[in-house]
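The values are calculated or read from the model by the stated rules, or taken from the named source; none is laboratory data. As the structure is a computational prediction, the values presented were derived from the model and not from experiment. Because the Cβ atoms are built from the backbone with ideal geometry, glycine has one as well, and the counts that use them run over all protein chains shown. Please note that ligands, DNA and RNA were not included when accessible areas were found on the heavy atoms of the full protein model with its side chains. Shrake-Rupley method; radii C 1.70, N 1.55, O 1.52, S 1.80 Å.
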Amino acid sequence: QADRSECIRSRSASNGMRLFFIGWSGRNLGLTEVVSLCKKEHEIAYWSGDGKELGLLKGEFPGTIFHDHFEALRGIPASGIDASAFPPPEPEFLTKLLETESLVLTMMNKHFENMSVSERKHLYYAQVRYWNGVLSAFRPDVIIFSCAPHTVYDFVLYSLAKLYGIHTIMFEPTWVGDRMMIMSDYIDGPRETLSLPNNGSVSVETLASDIRKEYELQTQSGADATPVFVKNIRRQFSGPRLLYIKVRSLWTTISAHRTLSVFFTAATSLFRPLRPNLKKEYERVAVIPDFKRPYVYFPLHYQPERNSSPQGGVFV
């Protein structure tokens, strides 16, 4: 709903704009429909997301550059883009992006954890070169992200957009029904205001039905308040689905090696639980809490994600 409203507002304010949709996947969530609605009044110049999903849409969006998310992450140009024509960034230009460079090198702890600092910088410079060239070639009016950019390539694009004064839009999910908050900057955050009754008081009865349902779920003793995305992950990586993933992984490894080394790899994997790991580290420093004393509950993330990098700042 929020996605559509933003597109409608943009539509009424202009006769048509050139739009980028970045990290925009989820046909079952209605995200494809959002782009189709925007296409009626605006030009969809660039779209990155799930490669398989985007491959089914090329006929509906002639002229749009499609970019697989994971290829963009690895610095592979989109089909139809001649990146060799893009000039490399000048040292003075890179100086303007030093904060971006620092944040991106940290983001590379995910997916690129085995890279040295020099290798990470090489990939970062390539990303700056590519996306700076894309912005120069397409000159978008608005860049729309599904959430706060946090997967290397989208953050480079976001930083360049801020440098050039290109308008950005992103969304913060509340996980209460389908409610989203709109942002133009992940640092400033949402600028939503709460409308209170005339007397300024709020009660459970005055809440919207979906918010009231969420409140009751969170306050009922014994209720299953597990977030919907966690339930989806559990379904995806348990039971027959987990068995399929493991068999596929084994077959991929055998196909890639085609030698006895695959059996050596399988044998060594048996000893992985004996090595240092996060669970053992946690149990070594954990203590039984005294709930009679005041305390702060602050659960930490297992991996770098957008609410730790970049939204966590120095606390990543």
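Structure data summary
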{"quantity": "Within region 140-195, considering residues that are hydrophobic (A, V, I, L, M, F, W, C), open to solvent by less than 30 Å² (accessible area, probe 1.4 Å) and part of a helix (DSSP H, G or I), the one nearest to T226 (Cα to Cα)", "calculated": "F155"}
{"quantity": "Extreme residue, surrounded by the most Cβ atoms within 10 Å (Cβ to Cβ), among residues of region 55-84 that are aliphatic (A, V, I, L, M) and under 21 Å from G133 (Cβ atoms)", "calculated": "A72"}
{"quantity": "I211 being open to solvent by 40 Å² or more (accessible area, probe 1.4 Å), within 26 Å of the chain's Cα centre (by Cα), aliphatic (A, V, I, L, M) and closer than 27 Å to G26 by Cα", "calculated": "yes"}
{"quantity": "Residues satisfying the stated conditions in region 85-98, i.e. free of Cβ contacts under 8 Å to residues at least 40 places away in the same chain and either open to solvent by less than 40 Å² (accessible area, probe 1.4 Å) or within 23 Å of T151 (Cβ to Cβ) (or both)", "calculated": "F93, L94, L98"}
{"quantity": "Complete set of residues in region 113-139 that are in a loop (DSSP other than H, G, I, E, B) and either touching a strand residue (DSSP E or B) at 6+ places or on another chain (Cβ under 8 Å) or touching a residue at least 40 places away in the same chain (Cβ under 8 Å) (or both)", "calculated": "R139"}
{"quantity": "Near pairs, Cβ below 9 angstrom, 6+ apart or cross-chain, from region 241-270 (aliphatic (A, V, I, L, M) and surrounded by 10 or more Cβ atoms within 10 Å (Cβ to Cβ)) to any residue that is modelled with pLDDT under 65 and part of a helix (DSSP H, G or I)", "calculated": "L250/V262; I254/V262; A256/V262"}
{"quantity": "Scope region 290-316; condition in contact with a helix residue (DSSP H, G or I) (Cβ under 9 Å, 6 or more places away or on another chain) and modelled with pLDDT of 90 or more; matching residues", "calculated": "P310"}
{"quantity": "Selection count, region 236-289, where residues are hydroxyl-bearing (S, T, Y), assigned to a helix (DSSP H, G or I) and at pLDDT 75 or above", "calculated": "4"}
{"quantity": "Residue list for region 214-226, filter: open to solvent by 100 Å² or more (accessible area, probe 1.4 Å) and either polar (S, T, N, Q) or touching a Pro at 6+ places or on another chain (Cβ under 7 Å) (or both)", "calculated": "Q218, Q220, S221"}
{"quantity": "Residue in region 276-316 that is surrounded by the fewest Cβ atoms within 10 Å (Cβ to Cβ), counting only those that are of a type in the set (S, T, N, Q) and over 15 Å from N109 (Cα atoms)", "calculated": "N277"}
